[in-house]
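Worksheet: the structure to be examined is printed underneath.
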Amino acid sequence: MRVLITGAAGFIGSHLCDRFLKEGHEVIGLDNFLTGTPENIAHLFGNPRFTFYKYDVTNFIYVAGKLDLILHFACPASPVDYMNHPIHTMKVDSLGTLHTLGLAKEKSARYVFASTSEIYGNPEVHPQPETYWGNVNPIGPRSVYDEAKRFSEALTMAYCREHDLDVRIVRIFNTYGPRMRMNDGRVVPNFICQALEGKPLTVYGDGTQTRSFCFIEDLVEGIYRVAVYENLKGEVFNLGNPQEYKILDLAKLIVEITGSSSEITFMERPQDDPDRRKPDIKKAKKILGWEPKIGIREGLEKTVKWFREKLAS
Ligand code: UDP
């Protein structure tokens, strides 16, 4: 297949490039390096099946030749990043989605949209199945991400209904692993870097809020299946690890794994920070035969090893 991946230099996007190249496909990557970095794809330069363009997907996109599959994964994903770039975030998941969907229509390509557990907002249903409509504050600080992702889901389905485009949507829950940015602001890189540098771990609120953390390898396997399986037109899948943790327990676990002497400090909780999040993955299990295999300890150990090397370099 000839595959276009937006956000190719990002955390998830770069792992997707690796996976599609490994399976023998041709990959065209786009990224404007707003939150991604060339380091994430440096190892791919020179691969004759990989082409990269530094490009902002909020502009009109044209790619010569055929395309079989488009994966729209561009978008700042850390709350710190999207609150620093609120308007650009909304453009990436409105104009960027429109342009990539238009391109998919033009090329008769299959389309996979990277959505998020954030579309569930502060969920009143727990765990969250795909059928839950969510509880989102449309004007709060997180709305630039949540509502743009919700708009993109609606637009993706509109292309499916109006143009019969073969679209699929993945709702990604908290994912972590190598290639996350050190100062990304998300909880896993924050805690790991703080622990490795002997600084206090910054728990927001009392740390009783929960998240469910999926290791990148497991997530990529799920996305790959959603992208290549037949007969999934218009389907939406939660992809995440249903093992749920309190943020305070995550902090303690990271202190233990790193062997750090860091203390834990409590800071103000950001506005609209969801209280809990846990994917219901019955649908992915049944239809894709997918479920995460890597537990939090193993995943964190691999991630800590990567950050240690990064900090030493
Ligand atoms: N969090 C924290 N300390 C940090 C960063 C995040 O306690 O240094 C908390 C944050 O308030 C949230 C959870 O960790 O409850 C996950 O935050 P993250 O930014 O990783 O992603 P989110 O799931 O909120 O999009």
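Tabulated values for the structure
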{"quantity": "Boolean, ILE223 is surrounded by fewer than 22 Cβ atoms within 10 Å (Cβ to Cβ) and at pLDDT 95 or above", "calculated": "no"}
{"quantity": "Scan of the range 119-138 for residues that are within 16 Å of the ligand (Cβ to nearest atom), without any contact (Cβ under 8 Å) to a residue 40 or more places away in the chain and not polar (S, T, N, Q), ordered by number", "calculated": "GLY134, VAL136"}
{"quantity": "Restricting the range 171-197 to residues that are away from the ligand (no atom under 11 Å from the Cβ) and under 23 Å from PRO279 (Cα atoms), the residue that is surrounded by the fewest Cβ atoms within 10 Å (Cβ to Cβ)", "calculated": "PRO178"}
{"quantity": "Exclusive hit being touching a Gly at 6+ places or on another chain (Cβ under 7 Å), acidic (Asp, Glu) and without any contact (Cβ under 8 Å) to a residue 60 or more places away in the chain, set ASP31, ASP56", "calculated": "ASP31"}
{"quantity": "Criterion violated by PRO141 - all others in (1) assigned to a loop (DSSP other than H, G, I, E, B); (2) within 16 Å of the ligand (Cβ to nearest atom); (3) under 18 Å from LYS278 (Cβ atoms) satisfied", "calculated": "(3)"}
{"quantity": "Of the criteria (1) within 13 Å of the ligand (Cβ to nearest atom); (2) touching a Leu at 6+ places or on another chain (Cβ under 6 Å), which one PRO200 fails", "calculated": "(2)"}
{"quantity": "Near pairs, Cβ below 8 angstrom, 6+ apart or cross-chain, from the range 62-87 (on the phi < 0 side of the Ramachandran plot and away from the ligand (no atom under 16 Å from the Cβ)) to any residue that is assigned to a loop (DSSP other than H, G, I, E, B) and among the basic types (Lys, Arg)", "calculated": "none"}
{"quantity": "Some residue of the range 226-233 being surrounded by fewer than 22 Cβ atoms within 10 Å (Cβ to Cβ) and touching a helix residue (DSSP H, G or I) at 6+ places or on another chain (Cβ under 6 Å)", "calculated": "no"}
{"quantity": "Criterion: touching a Lys or Arg at 6+ places or on another chain (Cβ under 8 Å) and either more than 16 Å from VAL220 (Cα to Cα) or at pLDDT below 95 (or both) - qualifying residue of ARG277, ARG297", "calculated": "ARG277"}
{"quantity": "In the range 7-55, the residues that are touching a Cys at 6+ places or on another chain (Cβ under 8 Å), outside any loop (DSSP other than H, G, I, E, B) and crowded, with 23+ Cβ neighbours inside 10 Å", "calculated": "VAL27, GLY29"}
{"quantity": "Sole exception among (1) within 18 Å of THR208 (Cβ to Cβ); (2) in contact (Cβ under 8 Å) with a residue 60 or more places away in the chain; (3) acidic (Asp, Glu); (4) out of contact with any Ser or Thr (no Cβ under 8 Å at 6 or more places or on another chain) for ASP249, by number", "calculated": "(2)"}
{"quantity": "Residue pairs meeting the criteria (Cβ under 7 Å; at least 6 apart or on separate chains; first of a type in the set (Phe, Trp, Tyr), in the range 267-295; second more than 16 Å from the ligand (Cβ to nearest atom))", "calculated": "TRP290/GLU221; TRP290/GLY222; TRP290/ARG225; TRP290/ALA284"}
{"quantity": "Output for the range 203-217, where each listed residue is among the charged types (D, E, K, R) and either part of a loop (DSSP other than H, G, I, E, B) or near the ligand (Cβ under 10 Å from one of its atoms) (or both)", "calculated": "ASP206, ARG211"}
{"quantity": "Test: residue in the range 254-273 that is within 12 Å of the ligand (Cβ to nearest atom), under 16 Å from VAL188 (Cα atoms) and in a helix (DSSP H, G or I)", "calculated": "yes"}
{"quantity": "Failed condition for ALA158, given (1) within 23 Å of PRO279 (Cβ to Cβ); (2) away from the ligand (no atom under 16 Å from the Cβ); (3) not aromatic (Phe, Trp, Tyr)", "calculated": "(1)"}
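The values are calculated or read from the model by the stated rules, or taken from the named source; none is laboratory data. No experiment lies behind these values; they were computed from the predicted model shown. Because the Cβ atoms are built from the backbone with ideal geometry, glycine has one as well, and the counts that use them run over all protein chains shown.
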